[in-house]
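The values are calculated or read from the model by the stated rules, or taken from the named source; none is laboratory data. Predicted, not measured: the structure shown is a model, and the values here were computed from it. Quick reminder, even Gly has a Cβ in these numbers, built from the backbone with ideal geometry, and neighbours come from all protein chains shown. Ligands, DNA and RNA are stripped out before the accessible areas are found, and what is left, the full protein with its side chains, is counted by its heavy atoms. Shrake-Rupley method; radii C 1.70, N 1.55, O 1.52, S 1.80 Å.
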Amino acid sequence: ISSIFNKKEEERLAKEAEEARRAAVPKGLYLYGSVGTGKTMLMDLFYSSLPRADKRRVHFHNFMLELHGRLHQLKTTTHQHKDALPFLAESLAIESRVLCLDEFQVTDIADAMLLRRLLEELVVNRGVVLVTTSNRHPSELYKNGIQRESFLPGIAVLEENCEVKCLDGGIDYRREKKTYFASAKPHDKAKAVPSSSATTEGEAQGLGSVKDATAHPTTAPARVNLVDEKRFFWPLSLDTQDEVEAYFATIRNGHAVQERRLSFLGRELILPKTAGGIAVCSFDDLCAK
């Protein structure tokens, strides 16, 4: 009888300890909304300002490729006759206590089945804090997918362990016209900065105005280089080709132009024209080959 009571007491204490452990782990964050609303920017700001080393930021697509590769390696080497997923989760939890995933999405059943268990092993059992962005609310993930009901526990983990916030102001900031100052980009135009009573050509074009905050209202206006970034070159012609070449020349910052070959997943991608971290390539280079 004593052993029965002792066992129940041990179970009660273990349950309380587990509840205390979970309560001590801060909730993660699940940001969702339309494209171009700033989700990735906010996540990157959080990541760069987080003062700890055991953190990781990775694109969700790359993360899933890595998971499948590591899981395959575990299954075929040291854990042939065991469930390898807990071992994978343990190694991931050791590597990073805060995991930032960009563009969270679930599109096929293999990813869905892997994520369902991995989220529970990482977030619930090991207390990894997940910060992620997505274009969909968690309840919309893997919508209409095969055997979606098997993935629902993974959605529950996200909703219970993350603050779910919609970031959608109705503006795609990628499509907004940007204005740069003192830039080396093409099409520099010197604009006079007006007094408070004047309107510049830039304001007339919707570029806004820049005023010298230190200058007295009666002083002469300063001059600032305003640069409109051209993001689309159309139609395709010799003229737009020349524009792209000129743009490339200004942003490569003196890096030598050369061909680069990238190898991944047993394939080789040839980028015919690169300079530093910049590549110029065609649709044919990226997709058709």
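Pairs are defined by a Cβ separation below 9 Å, a sequence spacing of at least 6 or placement on different chains, a first member in region 266-289 that is under 23 Å from Thr250 (Cβ atoms) and part of a loop (DSSP other than H, G, I, E, B), and a second member that is at pLDDT 90 or above and of a type outside the set (A, V, I, L, M, F, W, C); the pairs so defined are Gly276/His255; Gly277/His255; Cys281/Pro272; Cys281/Lys273; Cys281/Thr274; Ser282/Pro272. When residues in region 144-172 are screened for being in a helix (DSSP H, G or I) and in contact with a strand residue (DSSP E or B) (Cβ under 7 Å, 6 or more places away or on another chain), 2 of them pass.
Which of the following residues is surrounded by 10 or more Cβ atoms within 10 Å (Cβ to Cβ), modelled with pLDDT under 85 and of a type in the set (A, V, I, L, M): Val227, Val244? Just one listed residue meets the conditions, Val227.
Candidates in region 253-265 are the residues that are exposed (fewer than 12 other Cβ atoms within 10 Å of the Cβ) and assigned to a strand (DSSP E or B); of these, the one that is modelled with the lowest pLDDT is Phe264. Might you let me know whether region 139-146 holds any residue that is of a type in the set (Phe, Trp, Tyr), open to solvent by less than 50 Å² (accessible area, probe 1.4 Å) and out of contact with any Gly (no Cβ under 9 Å at 6 or more places or on another chain)? No - not one qualifying residue is present in region 139-146. Checking region 43-65 against the condition returns a match, with at least one residue being under 13 Å from the mean Cα position of the chain (by Cα), among the hydrophobic types (A, V, I, L, M, F, W, C) and open to solvent by 50 Å² or more (accessible area, probe 1.4 Å).
Being under 20 Å from Ile155 (Cα atoms) and assigned to a strand (DSSP E or B) is a description that does not apply to Leu67. The number of residues in region 116-140 that are more than 18 Å from the chain's Cα centre (by Cα) and assigned to a helix (DSSP H, G or I) comes to 11. Candidates are the residues of region 266-277 that are farther than 30 Å from Arg70 by Cα and out of contact with any strand residue (DSSP E or B) (no Cβ under 6 Å at 6 or more places or on another chain); the one that is least open to solvent (accessible area, probe 1.4 Å) is Ala275. Please work out which residue is most open to solvent (accessible area, probe 1.4 Å), limiting yourself to region 70-111 and to residues that are in a loop (DSSP other than H, G, I, E, B) and without any contact (Cβ under 8 Å) to a residue 12 or more places away in the chain. Only one residue fits best here, namely His81.
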